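Read through the structure below, which is laid out as structure tokens, and then see the notes.
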Amino acid sequence: MEGERLSIYKAARSIKKKQNSTLYNALRSIYEDSIFVGEIFQLWPELPLVANLRCGLWYSSKFHSTCYFKSTDGHNNNWSFNTSRLNLHVALLAAQKGGCIIVDSTRKGKRFPDSMSKTIPIWACVLNWSIQNYCNMMDMVPVKDTESNTCNANAECTKPVSLDWDCSLHLPLWVSKTEKASIEARLEGWIRQLEASGADIASLAASLKKPLRPLWISQKSVIWLNEVPDHDSWDFTPIILVSASSSSSVFQQRTSSQFSWTYIPGAGDDEESWARGLTPNLFWNHAYDLINLGPDLCNQNVAEIVEKDRVYRAQRGQNAPQVTIKPQKCLESSDQPSSVESLQIEHLNLKYDGGSPTEDCKLFWLGLTNISVGTTQLGAPEVDCILNCDKEMLMSNPSHVYLHLPIMNSKYDRFSLLSNLPSAVDFARSNLTRGKTLLVCCHDGEDISICVSLVILISLFDDQGLFDNGRSFKETQITKWEMRRRLVFVCKYVTNARPSRGNLKQVYSFLNRGERYSAS
């Protein structure tokens with residue numbers, strides 16, 4: 001009996017120890033994989049490093065930009081070219097710098113996520129075709145020699161010599177010929193969608209001197225360091241796709257000089273289930289301490305870091321909600337029990353040691369519309385009016401005209417956005433009519449605020465982006481394609497926009513039924 005009791009206690013201690021080390025295992029795995037990412041970046045240091053949101057953002061502290069290519073757009077028999085995720089800023093960045101390096105990861109035991117195997121190759125091929133079609137229409141010819149073409153300020157180029165412009169679909173070798181043929185059969189339709197979306201192909205055609213082409217690098221790739229080609233030597237603009245993690249499908253036990261830990265492939269994925277409020281930026285600001293203090297102290301250190309950052313933001317009037325841990329999707333084993341827990345902060349030392357806010361908070365202006373989009377972390381933005389769509393109240397400046405609409409994500413409330421859109425449009429109309437500037441903000445500035453801004457833009461502006469107080473909206477039947485075309489306009493300025501499908505459905509319902517729609 002005593003032996004059984006001891007074994008139960010031992011099992012309980014083992015479970016507790018395993019749960020406490022889960023966070024450390026994820027962070028240590030990310031840190032080890034980031035070394036590989038850094039080594040690849042050093043091979044082409046002139047090329048900008050781009051993180052594919054959100055997983056890729058964990059794997060370096062030196063990203064120049066972000067992008068959003070979804071793996072679901074590359075799933076077998078579900079291939080898609082989505083005009084709401086055009087990522088044109090990535091193509092323009094690659095054109096300016098001669099290429100770029102995109103970082104992502106996967107924990108499915110594959111060398112590359114489908115976002116890299118198929119989504120990005122499809123994207124590059126469609127853009128190449130659209131550029132060639134635009135050049136043919138404008139009697140321009142894409143060329144590889146930048147000295148043989150001249151461009152004026154209006155981006156009209158004269159390119160006298162016709163050279164090959166590769167529009168082929170380049171896929172990795174592990175994609176079957178059958179699947180490649182199926183994708184190629186859909187290319188023409190995707191090209192037409194892009195050309196009809198209103199995307200700024202002219203700017204891309206004027207700046208891109210070589211066609212886009214993906215290259216794939218993983219931890220299993222063999223690279224001869226004395227034979228690394230210069231990115232300028234290729235006859236294409238390289239989009240170097242780096243899969244950060246090892247492709248092993250099993251968790252590997254690893255040991256350092258101080259600690260034993262379990263390597264988790266693609267540990268940066270699904271951060272809500274393990275990060276406990278830690279963000280990539282916070283992690284890299286404290287990476288040395290978190291890695292070297294080991295698994296036993298990791299959870300406590302993360303709790304202190306997250307709470308100090310929350311207090312810092314709260315003291316500056318920024319949105320700083322209490323962090324709640326989601327039910328944990330166990331990274332190592334499905335046998336581990338999961339629980340919902342709030343950070344225990346009573347015993348934390350909340351003295352902040354100074355520094356800048358942890359996130360790169362940006363304000364994006366939608367052309368000349370007087371509408372801007374941002375996050376609730378902006379503090380005191382220089383605008384006249386604030387439309388806060390976050391669940392939490394915002395401590396705004398008394399000089400601001402302020403409206404708080406606590407809109408829930410569609411995962412938790414399928415009608416929250418829809419029921420609040422009439423108030424949002426009325427607030428925008430009353431202030432934009434008087435020439436005031438408006439900020440539409442939410443927690444991340446990527447989803448709800450994008451959808452609200454899209455509704456305001458369609459409801460109160462014409463298709464040229466000029467304020468007409470809804471005159472053109474009353475005369476126009478808004479189709480899904482017209483809504484998507486306006487979304488392309490928004491995404492042109494808000495490069496991190498990631499509106500969810502559920503919220504876009506509510507936007508479409510509102511635009512076609514307006515205030516007559518009842519959530520009931």
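The values are calculated or read from the model by the stated rules, or taken from the named source; none is laboratory data. As the structure is a computational prediction, the values presented were derived from the model and not from experiment. Neighbour counts are summed over all protein chains in view; Cβ atoms, including those assigned to glycine, are modelled from backbone coordinates with ideal geometry. Surface areas here come from the heavy atoms of the whole protein model, side chains and all, with no ligands, DNA or RNA. Shrake-Rupley method; radii C 1.70, N 1.55, O 1.52, S 1.80 Å.
Between the amide H of Cys67 and those of Ala51, Asn52, Leu53, distances stay under 5 Å, these residues lying 5 or more places away or on another chain, with hydrogens modeled in the peptide plane. The accessible area of Ser430, taken with all protein chains in place and a 1.4 Å probe, comes to roughly 50 Å².
Computed from phi, the 3J(HN,Hα) profile of segment 79-92 under the Karplus parametrisation 6.51, -1.76, 1.60 (θ = phi - 60°) reads 4, 8, 10, 9, 6, 7, 10, 6, 6, 5, 5, 5, 5, 5 Hz, with x in place of Gly and Pro. Accessible area of Glu482 (1.4 Å probe, protein heavy atoms only, ligands and nucleic acids ignored): about 40 Å². Put Trp284, Trp58, Trp165 in order of accessible area, highest first, and with a 1.4 Å probe you get Trp284, Trp165, Trp58. A probe of 1.4 angstrom, applied to the heavy atoms of all protein chains, finds Ser34 with accessible area near 20 square angstrom.
For the cross-link pairs Lys62/Lys362; Lys97/Lys180; Lys180/Lys480, the ones whose C-alpha atoms lie over 19 Å apart are Lys97/Lys180; Lys180/Lys480.
Here each label is just a point 7 Å from Cα along the line to Cβ, and for Asn281 and Thr178 those points are 4.7 nm apart. Site pair Gln42 and Arg254 shows an inter-label distance of 1.7 nm when each label is modelled 7 Å from Cα along Cα→Cβ. Note on Asp426 and Met393: the extension gain reaches 9.9 nm, defined as 0.36 nm multiplied by sequence separation minus the Cα-Cα distance. Please compare each pair in Lys308/Lys411; Lys70/Lys177; Lys436/Lys492 to a cut-off of 25 Å on the Cα-Cα distance and tell me which ones are over it. Over 25 Å Cα-Cα: Lys308/Lys411.
Karplus-derived 3J(HN,Hα) values for segment 276-293, using 6.51 cos²θ - 1.76 cosθ + 1.60 with θ = phi - 60°, are 6, x, 6, 10, x, 5, 4, 4, 6, 6, 10, 4, 4, 5, 5, 6, 7, 7 Hz; glycine and proline are entered as x. Of the residues Thr279, Thr476, Thr237, the one with the largest accessible area comes first in the ranking Thr476, Thr279, Thr237, computed with a 1.4 Å probe on protein heavy atoms. Largest accessible area first, the listed residues Met483, Met137 line up as Met137, Met483 when surface is computed with a 1.4 Å probe on the assembled protein chains. For segment 43-62, the residues whose amide N sits under 17 Å from a probe point set 7 Å from the Cα of Ser80 along the beta carbon direction are 53-54.
Amide H contacts of Leu439 (H built 1.01 Å from N, in plane; Pro and chain starts excluded): Ser372, Cys385, Ile386, Leu387 sit under 5 Å, all sequence-distant by 5 or more or on other chains. In order along segment 450-463, the phi-based Karplus estimate (6.51 cos²θ - 1.76 cosθ + 1.60, θ = phi - 60°) of 3J(HN,Hα) comes to 5, 5, 5, 4, 4, 5, 4, 4, 6, 6, 10, 10, 7, 6 Hz; Gly and Pro are listed as x.
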